[in-house]
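In what follows, a single structure is set out as structure tokens and then discussed.
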Amino acid sequence: MTVPERQARFRELLERSHARWAGIARAYAEAPDRDDLMQEIALQVWQNLDRFTGRSSLDTWAYRVALNTALAWRRKAATRTKKLTQSTANIAELPGDRGSEGDVQRVLDRFLTSLSDGDRAVLLLHLDGLSHAEAAEVVGISEGAYRTRLHRVRRRFEETHCPGETVP
């Protein structure tokens with residue numbers, strides 16, 4: 001692939017994937033480090049673009065690169081600083097009217113940080129609207145295993161934040 005073709009492909013991919021990459025960065029890095037993680041994700045996608053073989057869609061491949069970059073980032077951050085720890089016990093319950101968008105985002109961010117890396121990835125893929133088959137491919141597990149993990153994460157959220165309610 002020529003340099004102009006590579007640049008065009010990357011630019012298109014960045015336009016389509018920026019919001020997803022930002023969601024990954026929000027879930028795997030603390031606020032001051034999110035821009036750095038976004039840059040690292042973009043760099044890794046750019047550097048590995050020639051390795052894309054077409055066995056999946058380009059967007060699925062890039063999502064997997066972004067997720068793996070975030071996981072590596074998190075491991076490195078854990079060795080440099082104390083691990084990001086927040087328990088679900090400290091999460092404020094949503095008000096009856098579900099609160100403001102900012103309240104909902106804070107609850108979601110706290111819930112995400114309480115999850116294991118694998119469960120966090122499953123929930124992010126679900127929130128990004130990927131099909132179960134696409135999400136399973138990104139995570140590298142069977143579709144059935146993906147569905148099971150998603151069900152468990154949703155149930156955990158319901159038990160923690162919405163007793164007696166069902167979350168879609």
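Applying a threshold of 6 Å to beta carbon distances and a minimum spacing of six or more residues, or different chains, the list of pairs starting in the stretch 100-121 at a residue that is under 24 Å from ARG147 (Cβ atoms) and ending at one that is of a type in the set (Gly, Ala, Ser) and surrounded by 14 or more Cβ atoms within 10 Å (Cβ to Cβ) reads LEU112/ALA27; ARG120/ALA27.
Residue-wise test of (1) hydroxyl-bearing (Ser, Thr, Tyr); (2) modelled with pLDDT under 90.
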| position | (1), (2) |
| --- | --- |
| ALA70 | no, no |
| GLU93 | no, yes |
| GLY96 | no, yes |
| GLY99 | no, yes |
| ASP103 | no, yes |
| PHE111 | no, yes |
| LEU127 | no, yes |
| TYR146 | yes, no |
| GLU165 | no, yes |
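The values are calculated or read from the model by the stated rules, or taken from the named source; none is laboratory data. Given the structure is predicted, the values throughout are model-derived calculations rather than measurements. Note that each Cβ is placed from the backbone with ideal geometry, even for glycine, and that neighbours are counted across all protein chains shown.
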